[in-house]
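The values are calculated or read from the model by the stated rules, or taken from the named source; none is laboratory data. Everything quoted here is computed from the prediction, not taken from an experiment. As a convention, Cβ positions derive from the backbone with ideal geometry for all residues, glycine included, and neighbour counts pool all protein chains shown. Ligands, DNA and RNA are stripped out before the accessible areas are found, and what is left, the full protein with its side chains, is counted by its heavy atoms. Shrake-Rupley method; radii C 1.70, N 1.55, O 1.52, S 1.80 Å.
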Amino acid sequence: MNPSAESRRSFLTTSLAMTGTIPLVAASLAQAASKQAGKPLMAYVGTFSSPLQDVLDTQVDLPPGNGRGIHLFQIDRRTGEMTPAGIQRMGTSPSCLAVNADGTRLYSTNETDRVGKEKHGSVSAFAINRQDGSLTPLNKVSSGGDGPTYVSIHPSGKYLLIANYFGGSVSVLPILEDGSLGEATDVKNDAGKIGPTTAQNAPEGSFAFSGHDHTHAHMIQADPSGRFVLHVDLGLDKIYIWKFDAKTGKLTPNDPPTVSLPPGDGPRHFHFHPNGRWFYSIQEEGSTLVLFDYDAKAGTLTPRQTLSTLPEGFKGSNFCSEILVSDDGKFVYAGNRLHDSIGIFAVGPQGKLTWVADEWTRGNYPRSFSFDPTGEFLYCCNQRADSVAVFKVDKETGKLNFTGHYAAVGNPSHVVFLDLAK
């Protein structure tokens, strides 16, 4: 047979086959993409669903427990509006939430739970339905201390890091293969001299006093590399730095093991800049932001700038809450409770902050706020107003514009997002 004729015949056969196959493949891919695009953007809102009990007399934040557990919402990607999509009912105040990188598991710290003889708080694990975002409980374990108030996931994806506010401790919980939780691999109890009841940097006329009565671990998170874990103790006015062993889940003190904030100022939360070199801390009673330079090799912090979270001329009492750095690294956002605002700060070329504006949160006592996955919207949990307010972010100026959208949620504490289309 003529090789040239055979080649032409083979080419024609293949071409005819591909003519039929390509549209089928394209149609299949288009159908899959369409189906995926139809999946919702979910928001999960943690709440105080039972009153705080057995707390020190000095505890100023006593939410009545108006929440019903973890509230689920579908988000309108265009407007940011929240539509109720169910409730995972829990009477244990799941006040802080974290979703794993795969979007298949959600974890909650249960602040008012009482587990075992020690009456510790607990941490719950849930499987996420990838079709509708609903939750299925996997298990619940002790948090290793009283009043767990913060949860984060180690970059390895193998551990949860827990801050127990009332217990003044932090713990490490292993994440098992099915996403459920094991017993703590390590628990560390904070100890030392409690700071003064008057913050060194508090505004004139401030009576803000909350955590300087006991040790209070308020936040814990790994650095971007996962080699170090940092946590703050509000009562001790310190940031702790730990070396982390990802094989054993153990914490060992770094050298030096802590860095101190001004007496009484009360570090509450912190956030790394996307470049990993700048670290911003917010102080609850001092109403300040502090910029630190972070040495990722040594795991050390060096303070470089301190400024107020409040507009110039403010006098009186204020309790700071959340701090977030925008994904593009251009702005820092700081929560003010009693002033009920979010302070907006521009990040300079060397990381220093400059005050831009503040935005009223359209509610009372903004406990925390979060960006949606695009960074286009900011969602503010107004704890005492029983609502979440939605703001559009101006990415050029950093300013926040209220969308007019609220979601009714009793005592909202924390909101996280999951895009089921990804």
Within straight cross-link reach of K399, meaning Cα distance under 16 Å, which lysines are found once same-chain residues fewer than 8 apart are removed?
-> K330
Distance in nm between L62 and T104 label points, each 7 Å along Cα→Cβ, equals 4.5 nm
What is the mean projected area of the alpha carbon convex hull for region 323-369, to one decimal in square nanometres?
-> 3.2 nm²
Counting residues in region 141-295 as N, plug N into 2.2 N^0.38 Å and put the Cα Rg over that result.
-> 1.03
For 177-185, 288-296, ranked highest to lowest by mean beta-carbon neighbours within 10 Å, the order is 288-296, 177-185
Rounded to 5, the percent of DSSP beta bridges in region 184-255 classed as antiparallel = 95 percent
Please give the calculated 222 nm ellipticity per residue for the chain, where each DSSP H segment of at least 4 residues contributes -39500 (n - 2.57) and the sum is spread over every residue; nearest 500 deg cm²/dmol?
-> -3000 deg cm²/dmol
When the gyration tensor of region 110-227 is built from Cα positions, what are the square roots of 5 times its three eigenvalues, in whole Å, from largest to smallest?
-> 30, 16, 15
Considering only S93, T136, H120, whose Cα is most displaced toward the positive end of the charge dipole of region 68-199, charges sitting on Cβ of Lys, Arg (+1) and Asp, Glu (-1)?
-> S93
Once you have the Cα-Cα distance between D419 and R89, take 0.36 nm times their residue separation minus that, and quote the gain in nm to one decimal.
-> 116.6 nm
Where the accessible area of region 96-157 is counted over protein heavy atoms with a 1.4 Å probe, how much of it, in %, is carbon and sulfur?
-> 47 percent
To the nearest 20 debye, the chain has a Cα-centred charge dipole, built from +1 on Lys and Arg Cβ and -1 on Asp and Glu Cβ, of 1140 debye
Surrounding charge for E322, neighbours by C-beta under 11 angstrom, Lys/Arg +1, Asp/Glu -1, total +2
Among N336, V347, H216, pick out the residue whose Cα is farthest towards the positive end of the charge dipole of the chain, where Lys and Arg carry +1 and Asp and Glu carry -1 on C-beta, about the Cα centre.
-> V347
May I ask for the net charge around H273, where only other residues with Cβ less than 12 Å from the Cβ of H273 are counted and Lys, Arg are +1 while Asp, Glu are -1?
-> -1
Unit charges on C-beta of K, R, D, E only; dipole of region 214-328, Debye = 360 debye
Given the chain reduced to its alpha-carbon atoms as identical point scatterers, what log10 I(q)/I(0) does the Debye formula return at q = 0.12 Å⁻¹?
-> -0.93
May I ask for the Rg/Rh ratio of region 47-118, computed from Cα atoms with Rh as the Kirkwood radius, given to two decimals?
-> 1.06
Give me the net charge of V115's neighbourhood, meaning all other residues with Cβ under 15 Å from the Cβ of V115; Lys, Arg count +1, Asp, Glu -1.
-> -2
Sticking to Cα atoms, compute the Rg of region 334-422 to one decimal and its Dmax as the biggest Cα-Cα distance, whole number, in Å.
-> 13.4, 41
Keeping all protein chains in place, calculate the accessible area per residue for the chain (probe 1.4 angstrom), answer in Å².
-> 42 Å²
Before anything else, pin down the relative contact order of the chain: Cα pairs under 8 Å, at least 6 apart, normalised by residue count, whole percent.
-> 13 percent
Relative to the first principal axis of the alpha-carbon coordinates of the chain, what is the inclination of helix 3-37, with its axis defined by its Cα atoms, in degrees from 0 to 90 and to the nearest 10?
-> 30 degrees
Distance histogram in 5 Å bins (all Cα pairs of region 295-386, percent per bin) = 3, 13, 22, 22, 19, 12, 7, 3, 0
Straight-line reach from K39: which lysines have Cα under 22 Å away, leaving out those fewer than 8 places along the same chain?
-> K422
What is the dipole size for region 270-422, taken about its Cα centre, with +1 at each Lys and Arg Cβ and -1 at each Asp and Glu Cβ, in debye to the nearest 20?
-> 140 debye
Cross-link reach from K250 to lysines, straight Cα distance under 27 Å and at least 8 residues apart if same chain, gives K117, K119, K140, K158, K188, K193, K238, K297
Accessible area of region 231-321 belonging to carbon and sulfur atoms, whole % at 1.4 Å probe = 55 percent
